[in-house]
Structure formats: structure tokens, C-alpha cells
Amino acid sequence: MSALIKNGTIVTADGEYISDIRTDGETIAAIGKNITPDKGEEVIDATGKYVLPGGVDQHVHFSFTYKGSKTRGFETSNAAAVGGTTTLIEFVNQEKGRGLVETIEDYRKTDADGIAMVDYSFHSVMTDPRDEVIDEIPRLAEAGYPTMKLFMAYKGQFFHADDDAILKALQKGKEAGVTVMVHAENADMIDVATKQLVAEGKTGPYYHAVSRPPVVEAEATRRAIYLAEMADAPIYVVHVTCKEALEEVKAAYIRGQKVFGETCAHYLVLDESDLAKPGFEGAKYVCSPALRTEEHREALWEAVDRKWLNAISSDHCGFDYGEQKHMGYGEGKSFADIPNGAPSLQNRLNILWTYGVCKGRLSRSRLVDLYATSPAKVNGLDKKGQLAVGFDADIVIFDPAYEGTISYKTNLEGVDYSPFEGFEQKGRPETVFLRGEKIVDDGKYIGRKGQGKLIHGKPFGSSYSW
Ligand code: URP
Ligand code: ZN
Ligand code: ZN
């Protein structure tokens, strides 16, 4: 089975040009001008459209539990497809007393295989840093999961990690080319501030941001970087949200350390005023780190444009508002009881296009690098994130003329709200191919449950090189 996409503007991380592109089976077979259609081959006229690589979202939570409540899972991964994302990397929290690889494999079999509608891979989240678990880290690389994360935040939760665990993970990880990622926030600072705010009766969603200001993120980011320096290992800081943390990442990189980071779509277009919305509405925006102010947002746009950050992810977390977010509502409850995280799987590309490209903050090439090419490299996915011969035929035909409005009602995320509700949308993924098979047509999902395939990453991802 093959398809020929003709006369589209092909956008890569390095530039753009008008050309034809042919798929053959699961891969990109040819790119060039005036390719003659084969007999029986599907031909798509992409004149006036952009042809982008399928997105790689390296920060997804389909199985995040917060205070016992769990997010929507892989059964909603078709939302990624209509949003132009064809590969997801999900964080899997190690179960206490069990191995890192074992936990991923079990979760994969029960929750992803036969269900996922786009391709998928996993990061391990180490929660139980016993010596034998540290010693198991190289096994992650052998098993095709060469990335792991530790949560510096969330004191009291089973997944919180201390410096001891992070340092040992960095030391062991570098032996096998496992990239260590951190959620960088100082858990004690948050814990003290939370208790004080609650004691003062400051319990509403807005106080979530007050309990974890930028200094909390900056401190942990700096500490993580020093731990990496001591281990002489690369480190990847997920969801950088503020100027101060950004400065730490930049300064370390300039000093010659292999320090890299991402931000997420919601930190670029939302801010802490959303947390102050009337009633309990602000709970929809409770995520960690917290949303910041305009000043930080602008710094993040500059950072992604100038390559100080190398990926924009979703940090998708499908908790609903009606029940799950309301765990923090009522007598004796506070913002600290609200599950952290927001749904954003479907709208990553739309937000970046409308508020980045259309507003002149990002070039199309930069967008492609941030949403597909770089995250594929960070995670060692050597057939993903690029439009080049031999790569997987994960292709988005993007119609820049489309105009619409984002709403949870038309999203496929399976959540009863979107943090981007009512946002203007310019352009959309009109057609999406997953390894050569059309899974989105005219903006509608037409694929099959279970069509997504497990993708293994190679160790020594791009954070190990310059
Ligand atoms: O608030 C967030 N980001 N929830 C998901 C888990 C995490 O911290 O990444
Ligand atoms: Zn996090
Ligand atoms: Zn996250």
C-alpha cells in the first residue's frame, strides 16, 4: 500500500520546500518533485497545505494517580491522532517492590497493547530506589526504554524522590545511556507553604500557585543540575515554566553541562489568572509546576524560539472537572486535594500553530523541531519525528485555512473540560498517516483501536551529545 502526497510544502526542522512525498508500506519511500503516480496509488493533492512529520509527545500521563484518582488512559489516544501527534511517550510509575522494566511491561500489556491508536513508548518513573532497583537501570536501556524520570515534588506521595535517589539514578543511568528526567520543584518548600496557606483559610485553587512560586522550581532545577554535575551525567528538566528555572538551564549549558529541557503548551498560553476564575473553575488549571504570569510566558516563547528549550510537550493528564477536580472542594478540602494536571493531548499542535506560528513567535520549522524532531531524538526514536526517506510514514497534512474554536465537546480526550475552551484555532491537521495508514481524514479520526505499535528507543539519546 502506498500513497503519493503531491505539491505540499514540506516542513522540516531545517527548512521548508514544495515537493511530493511517497509512502510505501510503513515508511517514507521518496521525496522529490514531479513523482509520477503508480497505478492504483492513492494521490492526495496538498497544494496550499503544509506537510509535517507526525508529532512526538514525550510527556503524557495516561496512568497518573493522584490521591487515589486515575486519569483517562490509552482508550482516548485517538485525541492525539486528530491533533497531529502520532507517537506518545507515557510515564509509568514503578510499583513499590517491583522492577522498573517489569512494571512497564505489565502496564503495557494491560493498558496499552491492543488499545493505543497511535504509536507509543514509555519512560520509567523510579519510585522505589532500593539498591537492586538502581542496579536495574541499565536493563531499561536493553529493554528499549532508555529514559527515566524522578519527581522532586509531591512530598508524601509514593512517587516523590529525594536527592539520594536522583544522584544514584544519574550515576547508573549514564553507564547505559539512560536519560534521567526530573520534575523539578522543591517538595519541602511546597509542603510548608501549603500547610501555612491552608491554616490561614486560603484554600481555593488560586493558592495552588501561591504555594509553589518560581523560586520553588528554580531551587530544584539548580539542585538537579548540581547533582548531574557531580554524576557527570546529562539531565533533562521536564516542564520548565519560569524565567528563573530557565536561567538555571541556560547557565548550566553555557558552563558546558549537558542540561536540556522542555516546556508545555499550557505554560505558553495560560497564566495564573486562570486559577483565580470564579467559583471552583480555577481547579481546571491546577497543574504542577503552577501556571505563571505573562512575563514568564513571554520568556518561554523566547526560549523555545532560541533553542534554550528543545521540546514542547502536552503533559496531558486527563482528570475530569466534575468529579476528580472536585476532590479539592468543600468543607475541610483545599487546593492541595485537587488532582494535578490538565488535559491537552489533542491541542498541542493547534496551540503552537495559532499562538506561535500565526503570531510570529515561532517559525514553522522551529515548531516541527519542538513538537516532533527533537523529542524523537531525546528519546532515541530513530524512525520518528522527521520527513526523510527511510523514516516511518507518520505524516500530517496541515490545512492552514481552517478556522475553528477549541472545545472539550468536540475533543476526543474523554474529559469534561479543556483548559483551552473557547480558544481560537487557526489551521488543523486535515489528514494524518500513521506508518503509512490514514488515521485522520478531513479532520476526523478513522483509524482502529489497537493500531498503535510499541516503539523501542535507543540508549544515548540526544542529551548525551551536543
Ligand atoms: O500537574 C501535573 N503536571 N500533573 C502530572 C504529573 C506531573 O507532575 O508531571
Ligand atoms: Zn511533573
Ligand atoms: Zn507530567
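The values are calculated or read from the model by the stated rules, or taken from the named source; none is laboratory data. As the structure is a computational prediction, the values presented were derived from the model and not from experiment. Methodologically, a virtual Cβ is constructed for each residue, glycine included, from the backbone with ideal geometry; neighbour enumeration extends over all protein chains shown. The protein model used for the area step is the full one, side chains on, heavy atoms only, and it has no ligands, DNA or RNA in it. Shrake-Rupley method; radii C 1.70, N 1.55, O 1.52, S 1.80 Å.
Here are the numbers for the structure shown:
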item	result
Calculated [θ] (222 nm, deg cm²/dmol) that DSSP helices of n ≥ 4 give over the chain, each run adding -39,500 (n - 2.57)	-7500 deg cm²/dmol
Exposure of Glu142 as accessible area (Å², to 10), given a probe of 1.4 Å and all protein chains	140 Å²
Sparse-neighbourhood loop sites, GluC sites (Glu not before Pro) in region 297-400 - DSSP loop, at most 12 other Cβ within 10 angstrom	Glu323, Glu331
Region 311-466, relative contact order [Cα under 8 Å, separation at least 6], %	22 percent
Contact order normalised by residue count of region 204-247, Cα under 8 Å, 6+ apart, percent	50 percent
Folded to 0 to 90 degrees: helix 187-199 orientation relative to the chain principal axis, Cα	60 degrees
Accessible solvent surface per residue of the chain, calculated while the other protein chains remain in place, 1.4 angstrom probe, Å²	36 Å²
Average Cα contact separation per residue, the chain, under 8 Å, 6 or more apart, as relative contact order %	22 percent
Sequence-distant residues sharing a close amide H with Phe398 (under 5 Å, placed H)	Tyr50, Val51, Leu52, Glu430
The chain, accessible surface, carbon-and-sulfur percent (1.4 angstrom probe)	49 percent
Accessible surface, 1.4 Å probe, highest first, among residues Lys307, Lys258, Lys284	Lys307, Lys258, Lys284
Accessible-area value, Phe151, 1.4 Å probe, nucleic acids and ligands omitted, Å²	0 Å²
Sorted largest first, extent of region 242-354 alpha carbons per principal axis (Å)	51, 29, 22
Isotropically averaged projected area of region 377-464, using the convex hull of Cα atoms (one quarter of hull area), nm²	7.7 nm²
Rg over Rh, two decimals, region 117-266 (C-alpha only, Kirkwood Rh)	1.00
Packing-based order for 9-17, 413-421, using average beta carbon neighbours within 10 Å, highest first	413-421, 9-17
Estimated vicinal HN-Hα couplings, Hz - region 75-90 in sequence order (Karplus 6.51, -1.76, 1.60; Gly, Pro = x)	5, 9, 6, 5, 4, 4, 4, 5, x, x, 9, 10, 9, 10, 10, 9
Accessible area in the full protein assembly, largest first, 1.4 Å probe, for Ile455, Ile439, Ile31	Ile31, Ile455, Ile439
Accessible-area value, Val192, 1.4 Å probe, nucleic acids and ligands omitted, Å²	80 Å²
Stretch gain in nm, segment Glu298-Asp131, where the contour uses 0.36 nm per residue and the Cα spacing is subtracted	55.8 nm
Accessible-area ranking of Trp308, Trp353, largest first, probe 1.4 Å	Trp308, Trp353
Equivalent ellipsoid semi-axes, region 289-382, via Cα gyration tensor eigenvalues times 5, rooted, Å	31, 16, 12
